[in-house]
Every structure is written in C-alpha cells, then in structure tokens.
Amino acid sequence: MSYGILTIALAGVVAGCQPSSTDENLAAGVTVHSENGGQPNLAVSPSGELLLSWVEYVNDSTDALLMSRLDNDGWTQPGEIARGRNWFVNWADFPSVVAFGDGKTLAAHWLQKSAEGTYDYDVRIAISTDNGNSWSESFIPHTDGVAAEHGFVSMIPVDSNRILAIWLDGRHMASNGGHDHGHGGGPMTLRSAEFDAGGNLYAEAELDNMVCECCQTDAAMTSAGPVVVYRDRDSSEVRDISIVRRVDEQWTSPQRLHRDHWEIAGCPVNGPAVDARDSIVAVAWFTAPEGVAQVNVLFSEDGGASFGQAVRADDGKPVGRVDIVLTEAGDALVSWIENTGEEGSIRVRRVNARGPVGESVHLHATSTSRRSGFPVLISNGDDLHMAFTAISGDRTGVSSKSVRLKQFAAQ
C-alpha cells in the first residue's frame, strides 16, 4: 500500500470564532499525512527532529503504525513501524513514538489484543537503534500476564539509555470479573516501568492503586526527576487530577492537584496534560463539577511539589481534550476543543500563573464527536506544531499544522 503526502489549503475559520491576530503564519497550509487513518501523536528527538506517528487503517482487518519526520525538505515519506490484525485501535488511547536520550534510538508503542474480551489488550513496545529504519520484535512492559486492559501509555526518556513508561493497568479488574469493562470488579491502577534498548525492564512500580479507568496519562521530566499526571478516582466517585513525582528514585504518594470535586459515576475519557522546563511545571486538564465544563491550568516553580492558583483557559463551552506546552519565557500554550454550536474549534491560548494572556486563537475547525480524537501539540524551536484527526464523510485521516510561536505573544 502506498502512503502519499499532499498539502491542502487551511479550511475557513469556524463561524463566530475569529482568530485574535491576522499573522500570516496562521493562514499557513495543513499537511495531510493520511486519508485513511487516525490517532496521531508528536514527539521531538534530542537533536530537534520532529516525529509524527499515527495508525493507518490498511484494510478492515489490518492496522499499521506509521512514522514521518519533519526535515528541511518537509515531511518525509512515512515508514512503517509495525502492523497487525489483532490490534486494539481506539479514538482516545493512541500509540506513540519517543526518542531515547542518546538521540539515535527510538521506542514505539501500540495496543494489541491478548484474549477474546473486548478490553483484553496489552501494551506492545518495539525499539529501533537505527533512527527508525528497522524495528525489533515487540515486548510487553507489564509482567502480570493477565488478560485485561493495559493502555493509556505515556513514555519519556529518563537518561540516555532508558525510557520510563506509565500506563493504566486493569489486572485487578480482570481478576474480579471486570472483563466487560463494566468496572464491577477491582480497581484500575497506575503503573510504571523503565526499559532499555534491549527491552530489559527495570524499576517496575505501582504508582496509584485506584484511578479513573480510561483517561489519558501524561508525564514530563523536571530537573528533580519525572512527574506523572492522571485522572484519579476515590470511593465516592470523585475523579479529580492527581500527580506523582519521583524524587531520589522514590515515587511520592499521589497528590491531588486541585479540589474540583468532580463527582461522576463513569470515566469522562478526558485526561490531563503536563509539560516541564527545569523546575517549572504546567498542567492543563478538563473538569465539569456541577455540570460546569472548564479547562484549567496550574503552574509550579518547584518541580511539581506545589502549585499556585488555577487559571481558566477556555472560552466558555469546552469539550476538553487538552494539551499543553511551556515556552522559554515560562508561559504555557494550552489547546482544547471548544464547542461552537454546529461544530468545534481547536483553540490555543497563552496563559501564565497570573491568568490568560490575550485571546484564544482558532487553529482549525473540527468535530466534537469522538471521531475527531485528541489534537496534540508540541513546540520545536520557533514553531508550534499540531497534529489532529480530520473527518471527511465516513472516513478519517491525519493532518498536521505548524505556526510560529510569536503568533501567541502577548497582544
């Protein structure tokens, strides 16, 4: 199968949602990477190379994980990492590619069915030691051997030789009759492990013994060590955001980031996002206590040990699906999907610990349905890059867009 790349003009802005600036970079084109795929993700290597991965729907029974790079000549022809007939492909639980700290070794993850149950699937990880030209046989980072849900993975390099993987682990749900994902069994847990280029596992740990069942996790590296954010869950069905940190090689106890007190008897499928620069940490998340939907942001100056006051970033009708990147100045760029009535708008706003900086910027029109997935952001040099799932009739594809960071300077 041939995977072509073409460029199209950016679609018109959502009615009633004009961008706050007419900077020419905002009118730049969108690159279409796939017309029959979805679940995009972005990463930056230590050398500054931008990596885009996504799932290509090869046919009704086969899926493939593809990767493209952005170089001086534009996006490269996609390369295939892996393919399979028994993958678990989900709008909210998507694969990733991440670079080891050595700058030449890559790791990729995807989800693969392990048994007949709808939510019986494992995390699979493959390694490339030649910058993505060839890939190893995959391995599983969790050692429970239970046919259960394992997913919502985050991976970050912790040094030049190891990657830290974090995932939601349903081994106790399965052992207590939770195969149907009805959550009537034991709790979902949050777990982690490190691995090297040989697929060897280290430092396996349980980070939280009861968490929300199907919200994304996220992780970032601070000057003091890694931090992990996720949607927690308690016995009264409050599902607020928590953080754990690894300090002196020991994981801290879970700390609730903000007392939203969002009580909801089910998973909202809307996880948090985190970014870090040295000791500065910024976290964005969606919440809806008492039915009031909002996107909030918190800042920390001590590696996530403490946070200031929450800053609201949305425009009043957010669907959520957030991402966040920190700028060199210590501000954050927050993205989310805003409900504009007939459709949605992928928006970005610059915020700092004192509040929003300027108006939100509309980056692209989208749907608010699950088919539109989760837009992702990453910064690299002077540019902000976004990847998203585009909908065309009964099919979805993968697109990306880049704008200059100066677009989001204080007005």
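The values are calculated or read from the model by the stated rules, or taken from the named source; none is laboratory data. What you are looking at is a predicted structure, and each value in this text was computed from that prediction instead of being measured. So basically every Cβ, Gly included, is an ideal-geometry build from the backbone, and we count neighbours across all protein chains shown. Ligands, DNA and RNA are excluded from the accessible area calculation, which covers all protein heavy atoms including side chains. Shrake-Rupley method; radii C 1.70, N 1.55, O 1.52, S 1.80 Å.
Given a 1.4 Å probe and the protein chains all in place, what does the accessible area of R395 round to, in Å² to the nearest 10?
Result for R395: roughly 120 Å² accessible.
May I ask for log10 I(q)/I(0) of region 191-236 at q = 0.17, 0.23, 0.24, 0.25 Å⁻¹, from a Debye sum over the Cα atoms as equal point scatterers with solvent left out?
These q points yield log10 I(q)/I(0) values of -0.65, -0.99, -1.02, -1.06.
Based solely on its DSSP helices, what 222 nm [θ] is calculated for the chain when runs of n ≥ 4 H residues each add -39,500 (n - 2.57) and the sum is averaged over all residues, nearest 500 deg cm²/dmol? Walk me through the numbers on the way to the answer.
Values: 1 runs with 5 residues, N = 411.
So the helix-based figure for the chain works out to 0 deg cm²/dmol.
Percent relative contact order of the chain, based on C-alpha pairs within less than 8 angstrom and at least six residues apart?
With pairs under 8 Å counted, the relative contact order is 14 percent.
If you count only protein heavy atoms and use a 1.4 Å probe, how large is the accessible surface of W75, to the nearest 10 Å²?
Number for this one is 40 Å².
In debye, nearest 20: dipole of the chain around its Cα centre with unit charges on the Cβ of K, R (+) and D, E (-)?
540
On a straight-distance basis, which lysines could pair with K401 in a cross-link, Cα separation under 24 angstrom, same-chain partners fewer than 8 positions away excluded?
Those lysines meeting the cut-off are K317.
Give the span of the chain's Cα atoms along each principal axis, as three whole-Å numbers ordered largest to smallest.
Extents along the principal axes: 55, 50, 40 Å.
For K406, list the aspartates and glutamates whose Cα falls under 20 Å from its own Cα; do not include residues on the same chain fewer than 8 positions away.
Filter leaves D23, E24, D275, D323, E328, D331, E359, D382, D383.
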